[in-house]
Amino acid sequence: MRYHDRWTAARIARTEDLTPSIRLFELEPAGGAIRYAPGAHLRVKVRVDGREEVRSYSLLDTGVDDGRYRIAVKRIDDGLGGSRYLRTLAAGDEIVVSQPHNQFELGAQAVSRTLVAGGVGITALLGMARALAGGSRPVRFHYAVRTQDEAAFAGLLRGWLGDRFELHVSGQGGRLDLRRVVADMDPQGELYVCGPIGMLEAARQAWKEAGRPASLLRFESFAASGHHPNRAFTAVLPRFGLEIEVPAHQSLLGALEQAGIPVLSDCLRGECGLCAVDVLGCDSALDHRDVFMSEAQKAGNRRLCACVSRPAGGRIEIDTGYRGRRLDAAGLDGGSAAARPAS
């Protein structure tokens, strides 16, 4: 995977609160929207604590073709700041977006498809549901939420899919059973999953236990959640004699780059593995939020994808693949005041 973004300005034409925590943004890009297949997403430039960063959001296909892009963003108070920034914007404001990208496309030859969404993961699967609703091959959609009022687009999905759509509200005793979902599938059916990291792990475990082919399991993750809340931590780099204070609202990758330690990266979603660093030691749990490393690699705690994964506080000692001198913001020798000599 390699992103080649073509950035363009987009005007926010309209916003709407779909649920107490999910807000819809309708965007009018300069030059008009580019058509995209179900499963596509936009990369969006945001500002967090004065820094420009990039976030990814699934493109919504609600059945309206008016030249606008639609994304839905969940407010995450203890996240990395992208949703908080977007909440400061209103109709008439401008943001910068990429062209659509897609690493979560529908397979063309599947005998049947089962879609599973958790919370705001509905955004990645909505367009798939619309595309499949009128087809001749079997489709099932399972949507898991904690409370009824968080079920964005449930009415739209019922209209498209009828009794092929099932809503699971855990707060009302309707917790989703992924083992049952997998057991009920056609042996050659495809499973598409998007949701929090716990759901992705449970889906992969149920799939493995059922002896299903790995090629028929597809999942999307924007690494918005982990097993631990975001906390500030200290990254120690013995090779450079540095300690870097990483705030709760910044990734390890961002902090390293700000401190003048370049790291190869691309997806910024924990999928490509380019940004993985060696872990030399850590005094707290490591929160692996990527979908690149195997379960055995994560259990070994020897490597960490710096774009999304992080320790649950404390101190982590790491080594990167970079062997040059620290760089300043202009790419010259010097480094950043964000780092201090190791004590």
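Each reported figure results from applying straightforward, stated rules to the coordinates on display, with no laboratory input. Here the structure is a predicted model, which means the values were calculated and not measured. Here Cβ is always computed from backbone atoms with ideal geometry, including for glycine, and neighbour counts include all displayed protein chains.
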Inset, instruction - Please report, largest first and rounded to whole Å, the three semi-axes of the ellipsoid equivalent to region 1-67, where each semi-axis is the square root of five times an eigenvalue of the C-alpha gyration tensor. - result: 19, 18, 13
Inset, instruction - Please tell me the relative contact order of region 57-161 in percent, rounded to the nearest whole number, where contacts are Cα pairs under 8 Å and at least six residues apart. - result: 28 percent
Legend entry - Rounded FRET efficiency, nearest 0.05, which uses the C-beta distance separating Val111 from Gln172 and R0 of 41 Å: 0.80
Legend entry - Inter-label distance, nm, simple model (7 Å from Cα along the C-beta direction), Ile76/Val54: 1.7 nm
Legend entry - 10 Å Cβ shell holding at most 10 others, DSSP loop, trypsin sites (Lys or Arg not before Pro): longest site-free stretch of the chain: 36-322
Legend entry - Quarter of Cα convex hull surface for region 88-196, i.e. mean projection, nm²: 9.0 nm²
Legend entry - Within region 222-257, backbone nitrogen closer than 18 Å to the virtual label 7 Å beyond the Cα of Glu295 toward Cβ: 227
Inset, instruction - Give, in nm to one decimal, the length gained when the segment between Ala312 and Ser284 is fully stretched (0.36 nm per residue of separation minus the Cα-Cα distance). - result: 9.5 nm
Legend entry - Paramagnetic label zone (point 7 Å from Cα along Cα-to-C-beta, Arg179; backbone N under 13 Å) in region 86-126: none
Inset, instruction - Among (1) 29, 57, 14, 0; (2) 25, 42, 28, 5, 0; (3) 31, 56, 10, 4, 0, find the value of P(r) over Cα pairs in 20 Å bins from 0, in percent that was calculated from the structure presented, and write down its label. - result: (1)
Legend entry - Value of [θ]222 nm, deg cm²/dmol, for the chain, DSSP H segments ≥ 4, -39500 (n - 2.57) each, nearest 500: -4500 deg cm²/dmol
Inset, instruction - Starting with the fewest neighbours, write out His227, His41, His4 ranked by other beta-carbon atoms found within 10 Å of each beta-carbon. - result: His4, His227, His41
Inset, instruction - Mind checking which lysines have their Cα closer than 28 Å to the Cα of Lys298? Skip sequence neighbours fewer than 8 apart in that chain. - result: Lys74, Lys208
Legend entry - Nitroxide proxy distance, nm - points 7 Å out along Cα→Cβ at Arg231 and Arg47: 3.2 nm
Legend entry - Between 0 and 90°, nearest 10: helix 197-209 axis offset from the chain longest Cα axis: 70 degrees
Inset, instruction - Arrange the following residues from fewest to most other Cβ atoms within 10 Å of their Cβ: Ile71, Ile76. - result: Ile76, Ile71
Inset, instruction - State the extension gain, in nm to one decimal, for the chain segment bounded by Lys208 and Asn102, taking 0.36 nm per residue of separation less the distance between their alpha-carbons. - result: 35.6 nm
Legend entry - FRET E, pair Ala37, Arg11, Förster distance 41 Å, beta-carbon r, rounded to 0.05: 0.95
